[in-house]
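Pasting a structure here, questions to come.
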């Protein structure tokens, strides 16, 4: 029987995580008929259905598409869709886990409203790790999607950690832009093309679990994502609710301002030794203003993490956010300079 959903999973040298994801998919409840297409993106160790340690019945629902060389998730997902037989495509990252009702909730959105062609879900705020940064990142993302987004927004980021789209629409739009070799802004670029004709709805009941990485891998991604987004911004010349709104851009600038002016305040206090008090007072005043502005702009997030984790976690979150805003600002600045020359 033809599947209703085709689940596309890009894979590269992470079999343990893939098996965990498959285990959660196969305990789905009330899900429509679905198939799973794993795109082996040039892994160094050949992936086979037998190596996934599945029962004979479960093996029937899985197909593996192999790429000879590592091409990146954009190409891998496009190749997976080419082999898909379902009416709707479900994109999942290989390092997430679904809930028993995730596939059911996806199908229910499309069945309840035939006009919906694309949706995006959310990764839950709970982390198995007790470390600060993964929990900070999970709460930062949850707050961004649940507490801080414009609920009336016409379209949302088509986030491939968990997103679904009608196959006919995805195919007609040409799929992901294959010029991006890494998971950078291919989801943002596709979102813009979808949103020219269709709404991308946010379905908070469509959930996955994702365990976040430590600080440095995330900071690097922030820098690179901001860097490549500037090229998209250069084409569109406007902010949006997908990558960054004008308010979010101001928040990033104010965060950088707090750090820079804070450092200048310390230098001024040390170097002048009270001789140029007007200079010191001027820098301190600017620092105070920037801090107040930034606190106001991130107040929803700070109130949320205070409620979730308490005062100490909130203070650490404020400082960590300032540092991450510097990575975003640096990426955008380098991207703006680089892409302006092209």
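The values are calculated or read from the model by the stated rules, or taken from the named source; none is laboratory data. For clarity, every value in this text was computed on a predicted model and none was experimentally measured. Cβ placement follows ideal geometry from the backbone for every residue including glycine, while neighbour counts extend to all protein chains displayed.
When segment 232-272 is examined, which residues are found to be surrounded by fewer than 16 Cβ atoms within 10 Å (Cβ to Cβ) and farther than 27 Å from residue 289 by Cβ?
234, 235, 236, 237, 238 - these are the residues of segment 232-272 that are surrounded by fewer than 16 Cβ atoms within 10 Å (Cβ to Cβ) and farther than 27 Å from residue 289 by Cβ.
Within segment 308-342, take every residue that is at pLDDT below 95 and exposed (fewer than 14 other Cβ atoms within 10 Å of the Cβ) and give me the one that is farthest from residue 185 (Cα to Cα).
341
Checking the conditions here, which among 60, 130 is surrounded by fewer than 19 Cβ atoms within 10 Å (Cβ to Cβ) and closer than 30 Å to residue 314 by Cα?
130
Just the residues that are closer than 10 Å to residue 39 by Cα and surrounded by fewer than 20 Cβ atoms within 10 Å (Cβ to Cβ), please, taken from segment 63-77.
Across segment 63-77, the qualifying residues are 63, 64, 65, 66, 67.
So for segment 103-112 (the condition being under 18 Å from the mean Cα position of the chain (by Cα) and in contact (Cβ under 8 Å) with a residue 12 or more places away in the chain), does at least one residue qualify?
no
Check 223, 202 and return the single one that is closer than 30 Å to residue 11 by Cα, modelled with pLDDT of 85 or more, in the same structural domain as residue 42 (by TED's automatic domain parsing) and crowded, with 16+ Cβ neighbours inside 10 Å. Walk me through how you get there before you give the answer.
Values: 223 fails: in the same structural domain as residue 42 (by TED's automatic domain parsing).
Just a single option satisfies the conditions, and that option is 202.
Moving on to the next point. Quick one: what pairs do we get from segment 280-293, first residue within 17 Å of residue 270 (Cα to Cα), second loosely packed, with under 14 Cβ neighbours inside 10 Å, C-beta under 8 Å, 6+ apart or different chains?
280/269; 280/274
Just for strands (runs of 3 or more DSSP E) wholly inside segment 1-102: which have at least 1 residues that are over 22 Å from residue 177 (Cβ atoms), assigned by TED's automatic domain parsing to the domain that holds residue 172 and at pLDDT below 95?
Counting at least 1 such residues, we get 62-67.
Now, a different point. Have a look at 305, 298 and point out the one that is surrounded by 14 or more Cβ atoms within 10 Å (Cβ to Cβ) and in contact with a helix residue (DSSP H, G or I) (Cβ under 6 Å, 6 or more places away or on another chain).
305
The conditions are (1) assigned to a helix (DSSP H, G or I); (2) farther than 30 Å from residue 127 by Cα, and residue 239 fails exactly one of them. Which is it?
Of everything listed in (1) assigned to a helix (DSSP H, G or I); (2) farther than 30 Å from residue 127 by Cα, residue 239 misses just condition (1).
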